[in-house]
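Read the structure below first, then the notes.
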Amino acid sequence: MKTVIANWKMNPLSLNEALNLVKKYKIYKNLDIWIAPPYLYLIPLITKFRKIKFGSQNIYFQDKGPYTGEISPKMIKKIGGKFVIINHSERRKIGENFKIANQKIISVINSNLTAIVCLGEDKIIKNIKILKSEWQKQIKILFKNINLNNKSIILAYEPTWAISTYKQGSVSPEIVSEFIKFIKNLGFNNKIVYGGSVFIDNIKIYLDLPLDGFLIGSQSLKPKNFNKICDLIDKSI
Ligand code: PEP
């Protein structure tokens, strides 16, 4: 079963738009559709759409207490959320880091939710040795005191530079393939998804890779495009 994770980021502006967006998503037999909407829409969406898994784009690593403005994984679990995205580069841009992400992964796993852990280089690195040492560095901090093969972990290889906001294109399938080999060599046996500028016209280049799915940002807000991308993934299974 492949998984397509829709990261809506801080969109859309109203609950009505959110409900309409999900209504337009196709449901597949062999493709899991997971949606990470803004926190505010989680309860109504979880209540209304039973065939889709919903989760959050972030959490705080404590269960409860004096942490103004934060939401805990236990709260996400209690309302029926299934997963949390951790270490997205847009979180790092506003001050988070890999050490904080490490604490978040632990708290998400302890709450019996799936942790979708983003990682990847910030800038384009052409030298493969340097690239691998960057991946190694990130993994070391992210998974300190965590079993890399904990079944609650999904890795999202998503280099910051490849996110569509930066208009620098997507990662070549060769490099994605190197990443998969690299991580498997470390003994990682869980799911790996790719994220970064996935569109209708480039999804095909990734379909032969041993990936378990995709993390999709901008195109997940355009249901026609999103469905078309999912159709192509579905056909390739
Ligand atoms: C993301 O930010 O998680 C993402 C994958 O974005 P996009 O698909 O727009 O590159």
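The values are calculated or read from the model by the stated rules, or taken from the named source; none is laboratory data. Owing to the predicted nature of the structure, the values given are computational and were not obtained by experimental measurement. Please note: Cβ atoms are built from the backbone with ideal geometry, for glycine as well, and neighbour counts cover all protein chains shown. Accessible surface areas use protein heavy atoms only, side chains included; no ligands, DNA or RNA. Shrake-Rupley method; radii C 1.70, N 1.55, O 1.52, S 1.80 Å.
Take Ile76 and decide whether it is away from the ligand (no atom under 16 Å from the Cβ), farther than 28 Å from Leu19 by Cβ and either at pLDDT 95 or above or small (Gly, Ala, Ser) (or both). Lay out the reasoning, then the answer.
On the way: away from the ligand (no atom under 16 Å from the Cβ): yes; farther than 28 Å from Leu19 by Cβ: no; either at pLDDT 95 or above or small (Gly, Ala, Ser) (or both): yes.
No: the conditions fail for Ile76.
Residue count for the range 45-64 satisfying the condition of being exposed (fewer than 14 other Cβ atoms within 10 Å of the Cβ) and either touching a helix residue (DSSP H, G or I) at 6+ places or on another chain (Cβ under 8 Å) or small (Gly, Ala, Ser) (or both): 3. The single condition among (1) over 25 Å from Leu142 (Cβ atoms); (2) within 15 Å of the ligand (Cβ to nearest atom); (3) out of contact with any Lys or Arg (no Cβ under 8 Å at 6 or more places or on another chain) that Pro223 does not satisfy is (3).
The rows are residues; the columns are (1) open to solvent by less than 30 Å² (accessible area, probe 1.4 Å); (2) part of a helix (DSSP H, G or I); (3) under 19 Å from Phe199 (Cβ atoms).
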| site | (1), (2), (3) |
| --- | --- |
| Ile125 | no, no, no |
| Lys129 | no, yes, no |
| Ser133 | no, yes, no |
| Ile141 | no, yes, no |
| Asn149 | no, no, no |
| Ile154 | yes, no, no |
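Residue selection: Phe188 satisfies the criterion of being in a loop (DSSP other than H, G, I, E, B), under 20 Å from Ile5 (Cβ atoms) and away from the ligand (no atom under 12 Å from the Cβ).
Considering each residue of the range 162-184, count those that are open to solvent by 80 Å² or more (accessible area, probe 1.4 Å), in a helix (DSSP H, G or I) and either within 21 Å of Gln219 (Cβ to Cβ) or within 15 Å of the ligand (Cβ to nearest atom) (or both), and give that number.
Here the count works out to 2.
Condition check: at positive phi, open to solvent by 20 Å² or more (accessible area, probe 1.4 Å) and either within 15 Å of the ligand (Cβ to nearest atom) or touching a residue at least 24 places away in the same chain (Cβ under 8 Å) (or both). Does Gly196 satisfy that? Don't jump to the end; show me each part of the working.
On the way: at positive phi: yes; open to solvent by 20 Å² or more (accessible area, probe 1.4 Å): no; either within 15 Å of the ligand (Cβ to nearest atom) or touching a residue at least 24 places away in the same chain (Cβ under 8 Å) (or both): yes.
Criteria not met by Gly196.
Figure legend. Inter-residue proximity from the range 211-237: first residues outside any helix (DSSP H, G or I), second residues open to solvent by less than 40 Å² (accessible area, probe 1.4 Å) and aromatic (Phe, Trp, Tyr), beta-carbon distance below 6 Å, spacing 6+ or different chains. Indicated pairs: Leu211/Tyr194; Phe214/Tyr194. Total residues in the range 79-107 satisfying the condition of being on the phi < 0 side of the Ramachandran plot, within 16 Å of the ligand (Cβ to nearest atom), open to solvent by less than 60 Å² (accessible area, probe 1.4 Å) and not in a helix (DSSP H, G or I): the figure is 6.
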